[in-house]
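Student: Before anything else, here's the structure in question.
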Amino acid sequence: MRRSTPFLSVAISAVVVFAGGCSDPKTGNPTSAPSPTAPSTQLPKDGAPAVAQPIKNTAGAETDPCSAVTTAQIEQFGGKVEKTVTDDSPLGKNCGWIFEEGPSNVNAGLVVGNKEGLSSLYAKKAHGDFVTFKPIDSIEGYPAVTYGTTEGREGLCNLAVGLRDDLVYTVIPQLYTGNPMLADPCGMATKVAAAAIKNFKGA
């Protein structure tokens, strides 16, 4: 029997991280409605790296998050896609590509409601909000981090890449047995982010 797809729970978790909402330590579900991060006039801050070549052309993906990366590209990274779904979260729209070998999926989108970009994650790291936090090699020249509020599990990765000092693109694979990238979900996330950046710059 196919397990139900946990796409929405992943999207909600991402919203809670960026909005600073509270969550139940046992379930990880949000316990209060998140609110958008207030804009800052001085970015980057809190140790976050600057984005040297900001990407301005993101309007299309803000309204249609599945347009940032094609289904054909996603299938190159994680196998045949059964369907795509869109989640309109408080901080921005996300696209979920659900693989035929379910319930594996990858969720990605621009966090337009967070106006402090990677700086918001670095601030949360400084405050001890993350159990895991790791700056990784730049993706197509753009700074990125992986992070988590709990100990990681096999097949799960939270990745954020800074497209501008005030904007990040997040990619969250949630993979299960049968997916070819199960052992390297952050590798898949990096490939998805790289494809999105190339598409943004080529648009």
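Student: I'm trying to understand the selection: among the residues of the range 154-169, which are over 23 Å from Thr63 (Cβ atoms) and touching a strand residue (DSSP E or B) at 6+ places or on another chain (Cβ under 9 Å)?
Tutor: Residues satisfying the conditions are Gly155, Leu156, Cys157, Asn158.
Student: Mind checking which residues of the range 81-111 are assigned to a loop (DSSP other than H, G, I, E, B), buried (at least 19 other Cβ atoms within 10 Å of the Cβ) and either without any contact (Cβ under 8 Å) to a residue 24 or more places away in the chain or among the β-branched types (Val, Ile, Thr) (or both)?
Tutor: Passing the criteria: only Val111.
Student: Name the single residue that is surrounded by the fewest Cβ atoms within 10 Å (Cβ to Cβ) among those in the range 56-69 being in contact (Cβ under 8 Å) with a residue 60 or more places away in the chain and of a type in the set (Val, Ile, Thr).
Tutor: Thr58
Student: Ok, one more. Among (1) closer than 25 Å to Pro180 by Cβ; (2) touching a Pro at 6+ places or on another chain (Cβ under 8 Å); (3) of a type outside the set (Asp, Glu); (4) surrounded by fewer than 18 Cβ atoms within 10 Å (Cβ to Cβ), which single condition is Gln76 missing?
Tutor: (2)
Student: Would you check if Glu82 is touching a helix residue (DSSP H, G or I) at 6+ places or on another chain (Cβ under 8 Å) and charged (D, E, K, R)?
Tutor: Answer is no for this residue.
Student: Select from the range 112-132 the residues that are buried (at least 17 other Cβ atoms within 10 Å of the Cβ) and over 17 Å from Thr58 (Cβ atoms) and write down the one among them that is nearest to the chain's Cα centre (by Cα).
Tutor: Restricting to residues being buried (at least 17 other Cβ atoms within 10 Å of the Cβ) and over 17 Å from Thr58 (Cβ atoms), the top hit is Leu121.
For (1) assigned to a helix (DSSP H, G or I); (2) of a type in the set (S, T, N, Q); (3) crowded, with 22+ Cβ neighbours inside 10 Å; (4) in contact (Cβ under 8 Å) with a residue 24 or more places away in the chain, each residue gets a yes or a no:
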| position | (1), (2), (3), (4) |
| --- | --- |
| Gly152 | no, no, no, no |
| Val161 | no, no, yes, yes |
| Pro173 | no, no, yes, yes |
| Thr177 | no, yes, no, no |
| Pro180 | no, no, no, yes |
| Ala189 | yes, no, yes, yes |
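Readers should treat all values here as calculations from the given coordinates under stated rules, not as data from a laboratory. Model, not experiment: these values are computed from the prediction. Backbone-built Cβ (ideal geometry, glycine too); neighbour counts: all protein chains shown.
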